[in-house]
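One structure is given here, and the rest of the page talks about it.
Values in this text are rule-based calculations from the coordinates and carry no lab data. The structure displayed is predicted, hence computed values, not measured ones. Counting neighbours? That spans all protein chains shown, and the Cβs are built from the backbone with ideal geometry, glycine included.
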Amino acid sequence: MKNTERYKSTTALLDLLFNALIGVVFLFIIAFLLIKPEEPKKEDFERKAEFVIILEWDKNRVEDMDLWVQDPNGGISSFRAPRVNFMHLDKDDLGGRNDTAFVNGEQVTIKINREVTTIRGIIPGEYIVNAHLFSRYSSRYSTSEEHGFPVTIEVIKVNPRYEVVFSGEHIFNIRGQEETFVRFVVSKDGKVESMNHLKKVFVIPAGTSSTP
C-alpha cells in the first residue's frame, strides 16, 4: 500500500489558523477601544473663587510686604494664619529673599514681589484689606519720604465674571508702616454693595490698641 500522507494538503489547516489569528486580533482591537480611561473630573482642577486680592510691589526691591485680610466673622488671613475660613493666602513673599530656587542643581531666580489671597466662599458683610511693611532688609534706605516706594492692591471679583472692583496705591517708606487700602461690604449673593477707606490696624505694637 502506497504512503499517501505526503500528498495531503495543509492549506485548510493554514486557513483555519489564519482566520483564528484574525479573530483574536479583531477581538483585541474591540477590547482596546472599549477600554476608556477614567477622565479627570472638571471640579478636580477648578479652584473655586469668589474674590482674588493681589498685593504687589516693585520686583527689584528687597522689602518684605505682607497682605492682611479680615472677613466679616473677624477671621484674619496673613502670613501668621494663611488659611482662615474661606480665605487662603497663597505665599508669604519675602521680597528679594525668596525669589531664588535650585532647579536640577542650577540656581534660578524669578523676580516677582506679590502676595495673593483668594476668597473661595461668601460670608456676607465687611472685608478689610491692609498692607504692612514688615522689613526693609537694607541699611541703604533711609526712612525719609524720598525713599518711599509704591505698593498696589487690587480686589478682583471672579465669579460669575472677572471684574476689578478696587485698585489702589500707597507709598511705603518706614518699617512697620501699615495702611488700610479698602473696606468693602459683600452681600449674601456676592455683590459688592459699598466700600470705604477707614483705617484699621492689624499689626498692633505693644501697649496700643487697634482702631475700629
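Assorted remarks:
- Length gained on full extension, residue 59 to residue 135, computed as 0.36 nm times the residue gap minus the Cα-Cα distance: 25.8 nm.
- Residue 185-residue 149 FRET efficiency (beta carbon distance; Förster radius 45 Å; 0.05 resolution): 0.90
- With θ taken as phi - 60° and the Karplus curve 6.51 cos²θ - 1.76 cosθ + 1.60 applied, the whole-hertz 3J(HN,Hα) list for the range 179-184 is 10, 8, 7, 7, 10, 10 Hz, x standing for glycine and proline.
- The string of couplings for the range 61-69 from the Karplus curve (6.51, -1.76, 1.60, θ = phi - 60°) is 8, 9, 4, 9, 9, 10, 9, 10, 9 Hz, one whole number per residue in order, with x for Gly and Pro.
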